[in-house]
Amino acid sequence: MKRVIVEYAKLTKDILDLLIEKYPDGYDYDDIISFKNAKGETIKAVEVKTEDTDYLVKISTKLEEAMEEYADDEDFFEDNDDFDVNISDED
């Protein structure tokens, strides 16, 4: 299974859908995964999976706000300049 680390700015609509489906009321402390990246920095993320990919989405205040806004208004993703909608899941 492919593992992909995703930052807030690289979220796709599909990943946001997965996050909302898995964490409809937001994520909890027990849902957070901590790990060290190649630079030795501690990264905190939440995990969502598809059939072939395990996404680790980095936690930030912007992520929490985006999940709340997107859950209430699906047009939030298209109307928000923070997201690069041209990024594919392969990045």
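Being open to solvent by 90 Å² or more (accessible area, probe 1.4 Å) and at pLDDT 85 or above is the requirement here; does TYR29 meet it?
So TYR29 passes the test.
Residue-wise test of (1) out of contact with any strand residue (DSSP E or B) (no Cβ under 6 Å at 6 or more places or on another chain); (2) on the phi < 0 side of the Ramachandran plot; (3) modelled with pLDDT of 90 or more; (4) aliphatic (A, V, I, L, M).
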| site | (1), (2), (3), (4) |
| --- | --- |
| VAL4 | no, yes, yes, yes |
| GLU21 | yes, yes, yes, no |
| GLU69 | yes, yes, no, no |
| GLU74 | yes, yes, no, no |
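With the checklist (1) over 8 Å from the mean Cα position of the chain (by Cα); (2) open to solvent by 70 Å² or more (accessible area, probe 1.4 Å) in hand, flag the one item GLU7 doesn't pass.
Unmet condition: (1).
Considering only residues that are β-branched (Val, Ile, Thr), under 15 Å from the mean Cα position of the chain (by Cα) and assigned to a strand (DSSP E or B), look in region 32-58 and name the one that is surrounded by the most Cβ atoms within 10 Å (Cβ to Cβ).
Once the filter is applied, the top-ranked residue is VAL57.
The values are calculated or read from the model by the stated rules, or taken from the named source; none is laboratory data. Being a predicted model, the structure only gives us computed values, none of them experimental. All Cβ positions, even for glycine, are placed from backbone atoms using ideal geometry, and neighbour counts span all protein chains on display. Accessible surface is based on the protein model in full, side chains and every heavy atom, while ligands, DNA and RNA are left aside. Shrake-Rupley method; radii C 1.70, N 1.55, O 1.52, S 1.80 Å.
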